[in-house]
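Values quoted throughout were computed directly from the atomic coordinates according to the rules given, and no laboratory measurement underlies them. Predicted, not measured: the structure shown is a model, and the values here were computed from it. Reconstructed Cβ throughout: ideal geometry from the backbone, glycine too, with neighbour counts over all protein chains shown.
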Amino acid sequence: MSRKKSTRQLIGIDDIKNGSVVTADGELAFYFVHPSNLNVLPEQGVRAKVQELLGVLKGMAELELLALDSKESFQDNRQFYRQRLEEEDMPAIRGLLVQDRQHLDSVQTTMASSREFCFVLRRRKTDGAMNYASLEQQFRDCGFVVQRAEGQQLLELLAIYFEQDATHEVFSFVDGAQWLTAETEV
């Protein structure tokens with residue numbers, strides 16, 4: 001009798017450790033990197049930050065850029081407020097709708113101005129030990145804030161990558177684990 005494969009087996013994940021994903025080829029460590037004070041830098045300063053980031057990327061072949069879009073689109077909400085505003089006759093309700101739309105605009109502006117990159121450090125099984133602290137220091141030396149994705153952040157990255165799902169608040173390591181009770185566990 002053939003046994004069905006788990007989701008992890010189907011996508012090639014052997015194990016999910018606290019700070020990395022283990023595959024048959026090696027280990028993947030995920031990092032969030034964002035520049036500090038990017039909004040206040042002049043155009044030349046932004047270009048310098050980009051060049052510094054390119055220098056780190058070119059210097060390490062094992063480092064890959066992960067392009068994910070976990071931001072929600074507010075276009076449907078903006079359209080709804082615009083339509084409701086046209087239909088509404090009561091001044092008090094119209095005022096509230098305008099305030100809601102302004103709040104939505106400010107949230108979207110804040111999200112658009114906060115740049116964050118995700119990098120994957122790939123360590124193949126044939127490679128030697130990887131110095132994670134050295135990579136993190138290289139990013140810091142270039143003026144970037146760096147944080148290794150661990151626990152829930154790592155699971156969220158996988159969910160966004162495989163499902164385009166950025167709406168869950170908590171992800172479990174075992175699908176359906178929240179439904180297990182002491183009586184059903186074997």
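Please work out the FRET efficiency for the pair ILE13 and LYS58, using the Cβ-Cβ distance as r and a Förster radius of 30 Å; give the result to the nearest 0.05. Using R0 = 30 Å, I get an efficiency of 0.55. A Förster radius of 41 Å, combined with the Cβ-Cβ distance separating GLN44 from GLN147, puts the computed FRET efficiency at roughly 0.90.
Our estimate of slack between ALA24 and ASP76, defined as 0.36 nm per intervening residue step minus the Cα-Cα distance, is 14.5 nm.
The HN-Hα couplings worked out from phi for the range 137-148 by the Karplus form 6.51 cos²θ - 1.76 cosθ + 1.60 (θ = phi - 60°) are 5, 4, 5, 5, 4, 8, x, 10, 8, 10, 9, 6 Hz, whole numbers, x standing for Gly and Pro.
For MET90 and SER36, calculate 0.36 nm times their separation in residues minus their Cα-Cα distance, and state this gained length in nm to one decimal. Numbers along the way, then the final one.
Numbers: separation 54, 0.36 × 54 = 19.44 nm, distance 4.47 nm.
Gain on stretching MET90 to SER36: 15.0 nm.
Each of GLN51, ALA24, ASN37 was placed along the dipole of the range 1-58 (beta-carbon charges, centred on the mean Cα), and the one lying farthest toward the positive end is ALA24. For GLY26, the amide hydrogen comes within under 5 Å of the amide hydrogens of LYS125, counting only partners 5 or more places away or on other chains and with H modelled in the peptide plane. Taking amide H as placed 1.01 Å from N in the peptide plane, PHE144 has no amide H partner under 5 Å among residues 5 or more places away or on another chain. The H on the amide N of PHE117, modeled in the peptide plane, is under 5 Å from the matching H of VAL33, HIS34, each at least 5 residues off or on a different chain.
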